[in-house]
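Working notes for the structure below.
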Amino acid sequence: MNKSLKKILWNQCGASIDMLINAISNCPDDYFLTHRRFYYIAFHSTIFLDYYLTIPPKDFSPFLAFTQKEAEDRPKEAIDDLIPDKTYSKKEIMEYLNQSRNKCQQLIDSLTDEKLNERFKEGDEPNDMDYPILEILLYNMRHTQHHAAQLNMLLRQDIDQHMEWSFRAGDIKIDK
(Lines give C-alpha, C1' and ligand atoms only; values in the text may rest on other atoms or scores of the structure.)
Protein backbone atom coordinates (compact mmCIF):
# COMPACT_ATOMS: atom_id res chain seq x y z
CA MET A 1 0.00 0.00 0.00
CA ASN A 2 1.53 3.31 -0.98
CA LYS A 3 2.53 5.92 1.60
CA SER A 4 0.22 8.57 0.18
CA LEU A 5 -2.87 6.41 0.64
CA LYS A 6 -1.80 5.46 4.18
CA LYS A 7 -1.36 9.15 5.04
CA ILE A 8 -4.81 10.02 3.66
CA LEU A 9 -6.43 7.13 5.54
CA TRP A 10 -4.72 8.11 8.81
CA ASN A 11 -5.57 11.80 8.36
CA GLN A 12 -9.29 11.00 8.15
CA CYS A 13 -9.47 8.14 10.67
CA GLY A 14 -7.34 10.13 13.09
CA ALA A 15 -9.50 13.23 12.62
CA SER A 16 -12.67 11.33 13.57
CA ILE A 17 -10.92 9.96 16.68
CA ASP A 18 -9.63 13.45 17.51
CA MET A 19 -13.17 14.82 17.33
CA LEU A 20 -14.40 12.09 19.70
CA ILE A 21 -11.53 12.79 22.11
CA ASN A 22 -12.17 16.53 21.86
CA ALA A 23 -15.88 16.20 22.69
CA ILE A 24 -15.24 13.99 25.71
CA SER A 25 -12.20 15.83 27.05
CA ASN A 26 -13.94 19.22 26.83
CA CYS A 27 -17.13 17.97 28.45
CA PRO A 28 -17.46 19.42 31.96
CA ASP A 29 -16.86 16.73 34.60
CA ASP A 30 -20.22 17.25 36.29
CA TYR A 31 -22.05 16.92 32.95
CA PHE A 32 -20.05 13.79 32.07
CA LEU A 33 -21.06 12.10 35.32
CA THR A 34 -24.68 13.25 35.49
CA HIS A 35 -25.78 13.18 31.85
CA ARG A 36 -26.05 9.41 31.45
CA ARG A 37 -26.88 9.41 27.72
CA PHE A 38 -23.63 11.30 27.02
CA TYR A 39 -21.72 8.87 29.24
CA TYR A 40 -23.15 5.75 27.54
CA ILE A 41 -22.44 7.10 24.05
CA ALA A 42 -18.88 7.95 25.11
CA PHE A 43 -18.40 4.47 26.57
CA HIS A 44 -19.94 2.70 23.57
CA SER A 45 -17.88 4.60 21.01
CA THR A 46 -14.69 4.02 23.01
CA ILE A 47 -15.22 0.27 23.27
CA PHE A 48 -16.15 -0.16 19.62
CA LEU A 49 -13.29 1.99 18.36
CA ASP A 50 -10.91 -0.53 19.92
CA TYR A 51 -12.98 -3.56 18.92
CA TYR A 52 -13.02 -2.66 15.22
CA LEU A 53 -9.23 -2.16 15.35
CA THR A 54 -8.67 -5.65 16.76
CA ILE A 55 -7.78 -8.12 14.04
CA PRO A 56 -8.85 -10.81 14.46
CA PRO A 57 -11.77 -9.64 16.64
CA LYS A 58 -11.61 -12.84 18.72
CA ASP A 59 -8.47 -11.31 20.27
CA PHE A 60 -10.41 -8.29 21.59
CA SER A 61 -9.54 -7.60 25.22
CA PRO A 62 -11.09 -4.31 26.36
CA PHE A 63 -9.22 -1.94 28.65
CA LEU A 64 -12.53 -1.16 30.42
CA ALA A 65 -14.74 -4.06 31.52
CA PHE A 66 -18.39 -4.39 30.57
CA THR A 67 -21.22 -6.91 30.72
CA GLN A 68 -23.68 -7.70 27.94
CA LYS A 69 -27.21 -7.31 29.26
CA GLU A 70 -30.65 -8.10 27.94
CA ALA A 71 -32.92 -5.18 27.06
CA GLU A 72 -34.94 -5.42 30.28
CA ASP A 73 -31.75 -5.23 32.39
CA ARG A 74 -30.23 -2.16 30.72
CA PRO A 75 -30.42 1.42 31.98
CA LYS A 76 -32.82 3.44 29.83
CA GLU A 77 -29.97 5.76 28.75
CA ALA A 78 -27.85 2.88 27.41
CA ILE A 79 -27.54 2.72 23.65
CA ASP A 80 -26.74 -0.98 23.31
CA ASP A 81 -26.26 -4.16 25.33
CA LEU A 82 -22.69 -3.39 26.49
CA ILE A 83 -23.06 -1.98 29.99
CA PRO A 84 -19.94 -0.78 31.84
CA ASP A 85 -19.15 -2.80 34.95
CA LYS A 86 -18.69 0.45 36.86
CA THR A 87 -18.88 4.17 36.16
CA TYR A 88 -15.54 4.92 34.56
CA SER A 89 -14.01 8.33 35.00
CA LYS A 90 -13.49 10.68 32.11
CA LYS A 91 -9.74 10.13 32.63
CA GLU A 92 -10.14 6.35 32.18
CA ILE A 93 -12.19 6.83 28.99
CA MET A 94 -9.59 9.31 27.68
CA GLU A 95 -6.70 6.95 28.40
CA TYR A 96 -8.48 4.19 26.48
CA LEU A 97 -9.24 6.51 23.55
CA ASN A 98 -5.61 7.59 23.34
CA GLN A 99 -4.48 3.95 23.35
CA SER A 100 -6.92 3.20 20.55
CA ARG A 101 -5.80 6.27 18.58
CA ASN A 102 -2.22 4.95 18.72
CA LYS A 103 -3.45 1.46 17.80
CA CYS A 104 -5.26 2.86 14.76
CA GLN A 105 -2.21 4.76 13.58
CA GLN A 106 -0.01 1.68 14.01
CA LEU A 107 -2.48 -0.50 12.13
CA ILE A 108 -2.62 1.94 9.22
CA ASP A 109 1.17 2.35 9.21
CA SER A 110 1.55 -1.44 9.03
CA LEU A 111 -0.76 -1.87 6.04
CA THR A 112 0.60 -3.61 2.98
CA ASP A 113 -1.18 -4.75 -0.16
CA GLU A 114 -1.10 -8.25 1.32
CA LYS A 115 -2.52 -7.16 4.68
CA LEU A 116 -5.38 -5.35 2.94
CA ASN A 117 -6.62 -8.78 1.86
CA GLU A 118 -6.90 -9.97 5.48
CA ARG A 119 -10.38 -9.99 6.98
CA PHE A 120 -12.07 -8.66 10.10
CA LYS A 121 -14.25 -11.74 10.62
CA GLU A 122 -16.41 -12.15 13.71
CA GLY A 123 -17.76 -15.61 12.99
CA ASP A 124 -19.98 -17.56 10.65
CA GLU A 125 -23.45 -16.42 11.74
CA PRO A 126 -25.56 -14.52 9.16
CA ASN A 127 -25.16 -11.11 10.87
CA ASP A 128 -21.49 -11.49 11.81
CA MET A 129 -19.15 -8.93 10.28
CA ASP A 130 -16.76 -10.18 7.61
CA TYR A 131 -14.96 -7.17 6.10
CA PRO A 132 -11.63 -6.60 4.41
CA ILE A 133 -9.25 -4.53 6.57
CA LEU A 134 -9.75 -1.36 4.53
CA GLU A 135 -13.53 -1.63 4.85
CA ILE A 136 -13.49 -2.19 8.62
CA LEU A 137 -11.24 0.88 8.96
CA LEU A 138 -13.72 2.97 6.97
CA TYR A 139 -16.64 1.48 8.91
CA ASN A 140 -14.87 2.31 12.19
CA MET A 141 -14.24 5.86 11.02
CA ARG A 142 -17.93 6.34 10.16
CA HIS A 143 -19.02 4.80 13.49
CA THR A 144 -16.63 7.00 15.47
CA GLN A 145 -17.67 10.16 13.61
CA HIS A 146 -21.36 9.32 14.07
CA HIS A 147 -21.00 9.16 17.85
CA ALA A 148 -18.65 12.15 18.02
CA ALA A 149 -21.39 14.13 16.27
CA GLN A 150 -24.00 12.91 18.77
CA LEU A 151 -21.80 14.01 21.68
CA ASN A 152 -21.14 17.38 20.06
CA MET A 153 -24.88 17.88 19.53
CA LEU A 154 -25.64 17.07 23.18
CA LEU A 155 -22.99 19.53 24.37
CA ARG A 156 -24.31 22.24 22.07
CA GLN A 157 -27.97 21.67 22.97
CA ASP A 158 -27.57 21.18 26.71
CA ILE A 159 -24.76 23.57 27.68
CA ASP A 160 -24.20 25.64 24.52
CA GLN A 161 -20.64 24.39 24.12
CA HIS A 162 -19.18 24.39 20.61
CA MET A 163 -16.42 21.98 19.54
CA GLU A 164 -13.88 22.50 16.78
CA TRP A 165 -14.04 20.55 13.51
CA SER A 166 -10.99 18.46 12.69
CA PHE A 167 -10.02 18.42 9.02
CA ARG A 168 -7.12 16.00 9.49
CA ALA A 169 -5.53 14.06 12.34
CA GLY A 170 -3.65 16.37 14.68
CA ASP A 171 -4.98 19.68 13.40
CA ILE A 172 -6.90 20.49 16.59
CA LYS A 173 -5.43 20.52 20.07
CA ILE A 174 -6.74 17.52 21.97
CA ASP A 175 -6.06 16.52 25.56
CA LYS A 176 -4.02 13.36 25.76
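The values are calculated or read from the model by the stated rules, or taken from the named source; none is laboratory data. None of these values were measured; they are calculated from a predicted model. Reconstructed Cβ throughout: ideal geometry from the backbone, glycine too, with neighbour counts over all protein chains shown.
Looking only at the range 52-70, how many residues end up being surrounded by 12 or more Cβ atoms within 10 Å (Cβ to Cβ) and either more than 22 Å from residue 37 (Cα to Cα) or in contact with a helix residue (DSSP H, G or I) (Cβ under 9 Å, 6 or more places away or on another chain) (or both)?
Count: 10.
State all residues of the range 31-76 that are among the acidic types (Asp, Glu) and within 18 Å of the chain's Cα centre (by Cα); if no residue qualifies, say none.
Across the range 31-76, the qualifying residues are 50, 59.
Residues of the range 1-47 being charged (D, E, K, R) and closer than 17 Å to residue 156 by Cα, which ones?
29, 30, 36, 37 - these are the residues of the range 1-47 that are charged (D, E, K, R) and closer than 17 Å to residue 156 by Cα.
Looking at (1) surrounded by fewer than 16 Cβ atoms within 10 Å (Cβ to Cβ); (2) over 22 Å from residue 123 (Cα atoms); (3) modelled with pLDDT of 95 or more, which one does residue 2 not meet, given that it meets all the others?
(3)
Could you check the range 31-56 and list, in sequence order, the residues that are farther than 19 Å from residue 110 by Cα, modelled with pLDDT of 95 or more and of a type outside the set (Ser, Thr, Tyr)?
32, 35, 36, 37, 38, 41, 42, 43, 44, 47, 48
Of a type in the set (Gly, Ala, Ser), under 18 Å from residue 145 (Cβ atoms) and at pLDDT 95 or above: does that describe residue 65?
Taking the combined requirement at face value, the residue does not satisfy it.
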